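Worksheet: the structure to be examined is printed underneath.
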Amino acid sequence: MRFSDLRVLDFCWVGAGAFVTRLLADLGAEVIKVESHAHPDNLRLSGPHKGGAKHLEGSGYFASRNTNKKSIALNMGRPEARAIAKRLARKCSVVTNNFRPGIMERWGLGYAELAAADPALIYLAMPMQGSSGPHKSYIGFGSTIAAISGLVEMSGSPDRAPIGTGTHYPDHVPNPGHALVGLLAAIFHRARTGEGQYIELAQLESTVNLLGPSILRYSACGALPHRNGNRRNGSAPCGVFPCAGDDVWCAIEIENDTQWRALVEALGRPQWMVDSRLDTLAGRTGSIDAIEARLAQETRRHSADELVFLLQARGVASSVVETSRDVMEDRQLNARGYWRAIDHAQMGRITVNVPPFFSAEEGRKREPAPPPLLGEQTREIATTLLGLSESECTRLMNEQVLW
């Protein structure tokens, strides 16, 4: 089975679901994204926006989730559009959505109805909290899921309110990752048996996996985690420290006494650091506030690159805290072809990333296609895949069905 053999009807929008189908498209699947001018993907409205682009066509956030996809404009509020969607589903081997339970069923596009016509269909649903239970109808985004999963409560400083992760973290990592694994397993199963699958990924349940150690601690002894900033039990010091320059930082973690001695040597053996009371983890933990304050004074005397080089050469875990620009200019990522420049009809030249995994045989030979304009392939899909005439397409567009 090749990814190019897959055709996906994609009702996913915003972050998590769209990232799953984007990866399938990047790997060669034909992914047909369903949206409309009546209800465009919210990401089209989300920044950052490229100046000069038309309304709905300049979002960098949308671009990051929709490379290599096709877009069909289907106004699902119209009965004719829903009938077209059913016809289109019968031409596809995978159907995906991340709506609340009941939306797809109301449109006549639930798994039971579609699988009755095609038992080999693979169907992925990603409701926020699942299709059963007292909270099944709740809706939200990544920030909501981070809060109800316990992730936000753990993030921040002990003397301040929880601050969370600063982004819709569940949308970027756990939920699309778990959904992709489930979807690939179903594709593999169908290739072996011919059987389709219904896959439900409750995004709350996926995100809860990030709490592993704290869940185990609570189940074992009833202890709750405490917000502790960058500090970590068993390491001292562990944090982010200023370096020479404006808003330049490095991350340092000392996991054992040998690494502490190495840090002392790298910094030129400052008098306060050779205090024997700091030779042990217990001693450093008891004086951590003073250590962090004085260590910040020492690190300010060094450039971040110089300090990280000295520390890594001595076996100390450390890294420069890089900016987005640093990451995009990173020699390692660029040497491996992770970043690609592509041309977009409205945004001009933009940079996108490719999947973080690839086969040794194929490598990263596939050049990414830009994200589609809203409804860009509507006429192509309607005529070639559904057999509609040009005049019929024009009529449906004018009547705001294909719109």
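The values are calculated or read from the model by the stated rules, or taken from the named source; none is laboratory data. Values in this document were obtained by computation on a predicted structure and should not be read as measured data. All Cβ positions, glycine included, derive from the backbone under ideal geometry; neighbour counts span all protein chains shown. Just the protein is used for accessible areas: all its heavy atoms, side chains included, with ligands, DNA and RNA removed. Shrake-Rupley method; radii C 1.70, N 1.55, O 1.52, S 1.80 Å.
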Looking at Pro127, Pro101, Pro119 in this structure, which one is without any contact (Cβ under 8 Å) to a residue 60 or more places away in the chain, of a type outside the set (Asp, Glu) and part of a loop (DSSP other than H, G, I, E, B)?
Pro101
It is to be established whether one or more residues within the stretch 84-96 are farther than 30 Å from Phe188 by Cβ and either of a type in the set (A, V, I, L, M) or open to solvent by 50 Å² or more (accessible area, probe 1.4 Å) (or both).
yes
The stretch 74-83, residues that are in contact (Cβ under 8 Å) with a residue 60 or more places away in the chain and either assigned to a helix (DSSP H, G or I) or open to solvent by less than 30 Å² (accessible area, probe 1.4 Å) (or both)
Leu74, Asn75, Glu80, Ala81
Just to be sure I understand the filter: pairs with C-beta atoms under 8 Å, separated by 6 or more residues or on different chains, first member in the stretch 296-314 and within 14 Å of Glu265 (Cα to Cα) and open to solvent by less than 100 Å² (accessible area, probe 1.4 Å), second member of a type outside the set (A, V, I, L, M, F, W, C) and assigned to a helix (DSSP H, G or I). Which pairs pass?
Leu307/Thr299
Could you please let me know if Ser71 is under 24 Å from Thr384 (Cβ atoms) and either without any contact (Cβ under 8 Å) to a residue 12 or more places away in the chain or not in a helix (DSSP H, G or I) (or both)?
yes
Counting only residues in the stretch 9-32 that are open to solvent by 10 Å² or more (accessible area, probe 1.4 Å) and in a loop (DSSP other than H, G, I, E, B), the one nearest to Gly142 (Cα to Cα) is identified as Val14
Residues being assigned to a strand (DSSP E or B) and farther than 19 Å from Val173 by Cβ - total across the stretch 188-220:
3
In the stretch 348-403, which residues are open to solvent by 40 Å² or more (accessible area, probe 1.4 Å), in a loop (DSSP other than H, G, I, E, B) and more than 30 Å from Gly60 (Cβ to Cβ)?
Ala360, Glu361, Gly387, Ser389, Glu399
Output for the stretch 215-258, where each listed residue is surrounded by 15 or more Cβ atoms within 10 Å (Cβ to Cβ) and more than 28 Å from the chain's Cα centre (by Cα)
Ser235, Ala236, Pro237, Pro242, Cys243, Ile254, Glu255
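Yes/no per residue for (1) of a type in the set (S, T, N, Q); (2) more than 25 Å from Trp272 (Cα to Cα):
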site	(1), (2)
Asp289	no, no
Ser303	yes, no
Gln312	yes, no
Gly315	no, no
Thr323	yes, yes
Glu329	no, yes
Gln332	yes, yes
Among the numbered conditions (1) more than 28 Å from Gly177 (Cβ to Cβ); (2) without any contact (Cβ under 8 Å) to a residue 24 or more places away in the chain, tell me where Ala53 comes up short.
(2)
Please determine, by comparing only the residues of the stretch 33-61 that are closer than 23 Å to Trp107 by Cβ and in contact with a Pro (Cβ under 9 Å, 6 or more places away or on another chain), which one is surrounded by the fewest Cβ atoms within 10 Å (Cβ to Cβ).
Leu56
